[in-house]
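One structure below.
The values are calculated or read from the model by the stated rules, or taken from the named source; none is laboratory data. Computed from a predicted structure; not experimentally measured. Positions of Cβ are generated from backbone atoms using ideal geometry, with glycine treated the same way; all protein chains shown enter the neighbour counts. Side chains are part of the model used for accessible areas, which takes the heavy atoms of the whole protein and leaves out ligands, DNA and RNA. Shrake-Rupley method; radii C 1.70, N 1.55, O 1.52, S 1.80 Å.
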Amino acid sequence: KKRVKQKKKKKKSELRNWGDAILFAVIAATILRTFLIEAYTIPTSSMEKSLLIGDFLFVSKVSYGPRVPITPLAFPLVHHTMPIGGGKSYSESIQLPYHRMKGLGEVERNDCVVFNWPAETLGRPIDKKENYIKRCVGIPGDKIEVIDGKLMVNSAPQEEFEGMKKQFQYTVKTKGTGLNPKILYEKYDITEGGYGRNQNEYMLTLTNKNRDALSTFPNVKSVEKRVKTKNKFEEYIYPHSKNFSWNEDNYGPLIIPKAGTTINLTTENLPLYKDIIGRYEGNSLEVVAGEILINKTVATTYTFKMNYYWLMGDNRHNSADSRFWGFVPEDHIVGKALFIWMSWDKNAKGLKKIRWNRLFDGVK
């Protein structure tokens, strides 16, 4: 009888050891994920060809300083939805005010930044909004303008470097013979586009390098960038107001808000700042008889409480970015993309599914 009892006790102790080990691993992984580094994947082509669909990234939380969790009561190691059965993975019974711990540096121009999508209207807390990744093209105080598709930062063309592979849509017209889709994909990695109005016209998304290459094809008659004309108002473009006749190719100019800066506020420029004043900085805002009331008081100026950023995808004609939904507040910034630890091409076969040349490649 004594031997039987000892075996049961030993078995219970072994289960407890396993339980303690699993609990420790979950706690350690949660701390690591929250305050140091987290894994993300690229689900869309908005950063193509700089980042590809199927790239798996490590994102540094310490680069800009980790945020203290706003919703601390949450199921570990998931974002906003339970992996099995769906439903919220967090409780809103406790919500902490925004606080960012000291980091290694600040957001800089041309950083690839992961952030919580500010335009989300599902009512989720900031840290549970959907994660996006774009390139930060403007920091607080910068002047941003897009002229015929060319991004201008502080009145100068955006700085470009080898790792930044911008793409635009082009109309490619041939002399009567078609383009071989296999060659376009396998040799030039052209993955977006198709026929235009007829068999001799294509709408292709191209880097500058591919644009130049196609221009040399003997059966190609012309390669022209598709650009929307200036003053052509598009309602889906931020700030969604006819006071600003902007589109994705001709946009601005505008100044990115900086904490402590005061602007003159009018009913004409209010569409640019109403989300900042109301949604992001927590004031009541209304317009009564042509006057702007902030917290029930008539206002002709406004002082920003936070810093804001302007983020855009490198795939300029296939990216829903700040041109569509505006500024990104500092409390929505998650971290800086560091390197690719895995890259998976779902359209390839066998071992070619793994993009071996991208493994452990730094994000530029």
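When you scan the stretch 238-258, do you find a residue that is outside any helix (DSSP H, G or I), at pLDDT 95 or above and more than 30 Å from Gln169 (Cα to Cα), even just one?
yes
Among the residues of the stretch 255-266, is there at least one that is open to solvent by 40 Å² or more (accessible area, probe 1.4 Å) and in contact with a Phe, Trp or Tyr (Cβ under 6 Å, 6 or more places away or on another chain)? Full working, then the answer.
So the first thing to find is which residues in the stretch 255-266 are open to solvent by 40 Å² or more (accessible area, probe 1.4 Å), and the list is 255, 258-262, 264, 266.
Those still in the list that are in contact with a Phe, Trp or Tyr (Cβ under 6 Å, 6 or more places away or on another chain) too: 259, 261.
Within the stretch 255-266 (the criterion being open to solvent by 40 Å² or more (accessible area, probe 1.4 Å) and in contact with a Phe, Trp or Tyr (Cβ under 6 Å, 6 or more places away or on another chain)), the answer is yes, since at least one residue qualifies.
Open to solvent by 60 Å² or more (accessible area, probe 1.4 Å), farther than 30 Å from Leu206 by Cβ and under 26 Å from the mean Cα position of the chain (by Cα): does that describe Lys274? Steps first, answer last, please.
Working: open to solvent by 60 Å² or more (accessible area, probe 1.4 Å): yes; farther than 30 Å from Leu206 by Cβ: yes; under 26 Å from the mean Cα position of the chain (by Cα): yes.
So Lys274 passes the test.
Taking Lys274 as the residue in question, decide whether it is on the phi < 0 side of the Ramachandran plot and either touching a residue at least 60 places away in the same chain (Cβ under 8 Å) or in a loop (DSSP other than H, G, I, E, B) (or both). Step through it out loud before you land on a result.
Working: on the phi < 0 side of the Ramachandran plot: yes; either touching a residue at least 60 places away in the same chain (Cβ under 8 Å) or in a loop (DSSP other than H, G, I, E, B) (or both): no.
Judged against the criteria, Lys274 is not a match.
Mind checking which residues of the stretch 259-271 are assigned to a loop (DSSP other than H, G, I, E, B) and aliphatic (A, V, I, L, M)?
At the first step, the residues of the stretch 259-271 found to be assigned to a loop (DSSP other than H, G, I, E, B) are 259-261, 265-269.
Once the filter is applied, which keeps residues that are assigned to a loop (DSSP other than H, G, I, E, B) and aliphatic (A, V, I, L, M), the stretch 259-271 yields Ala259, Leu265.
Condition first: aliphatic (A, V, I, L, M) and either open to solvent by less than 10 Å² (accessible area, probe 1.4 Å) or modelled with pLDDT of 95 or more (or both). Now tell me which residues in the stretch 132-169 satisfy that. Outline the logic, then answer.
Residues of the stretch 132-169 that are aliphatic (A, V, I, L, M), as a first pass: 133, 137, 139, 144, 146-147, 151-153, 156, 164.
Of everything in the stretch 132-169, those that are aliphatic (A, V, I, L, M) and either open to solvent by less than 10 Å² (accessible area, probe 1.4 Å) or modelled with pLDDT of 95 or more (or both) turn out to be Ile133, Val137, Ile139, Ile144, Val146, Ile147, Leu151, Met152, Val153, Ala156.
Hey, can you tell me all the residues within the stretch 305-341 that are part of a strand (DSSP E or B), open to solvent by 50 Å² or more (accessible area, probe 1.4 Å) and among the hydrophobic types (A, V, I, L, M, F, W, C)?
Matches in the stretch 305-341: Leu338, Phe339, Trp341.
Can you name the residue in the stretch 24-45 that is surrounded by 12 or more Cβ atoms within 10 Å (Cβ to Cβ) and of a type in the set (Phe, Trp, Tyr) and is also nearest to Gly103 (Cα to Cα) among such residues?
Here the residue is Phe35.
May I ask you to list the residues in the stretch 104-122 that are closer than 19 Å to Met306 by Cα and either open to solvent by 100 Å² or more (accessible area, probe 1.4 Å) or touching a helix residue (DSSP H, G or I) at 6+ places or on another chain (Cβ under 6 Å) (or both)?
Glu106, Glu108, Arg109, Phe115, Asn116, Pro118, Ala119
Just to be sure I understand, how many residues within the stretch 171-209 are more than 23 Å from Lys353 (Cα to Cα) and assigned to a helix (DSSP H, G or I)?
Of the residues in the stretch 171-209, 2 are more than 23 Å from Lys353 (Cα to Cα) and assigned to a helix (DSSP H, G or I).
Take the stretch 350-364 and flag every residue that is within 21 Å of the chain's Cα centre (by Cα) and of a type in the set (Val, Ile, Thr).
Matches in the stretch 350-364: Val363 only.
Quick check, is Tyr195 modelled with pLDDT under 95, out of contact with any Phe, Trp or Tyr (no Cβ under 8 Å at 6 or more places or on another chain), of a type in the set (Ser, Thr, Tyr) and open to solvent by 60 Å² or more (accessible area, probe 1.4 Å)? Outline the logic, then answer.
Working: modelled with pLDDT under 95: yes; out of contact with any Phe, Trp or Tyr (no Cβ under 8 Å at 6 or more places or on another chain): no; of a type in the set (Ser, Thr, Tyr): yes; open to solvent by 60 Å² or more (accessible area, probe 1.4 Å): yes.
So Tyr195 does not fit the description; no.
May I ask you to say which residue of Arg16, Arg109, Arg33 is under 20 Å from the mean Cα position of the chain (by Cα) and part of a helix (DSSP H, G or I)?
Just one listed residue meets the conditions, Arg33.
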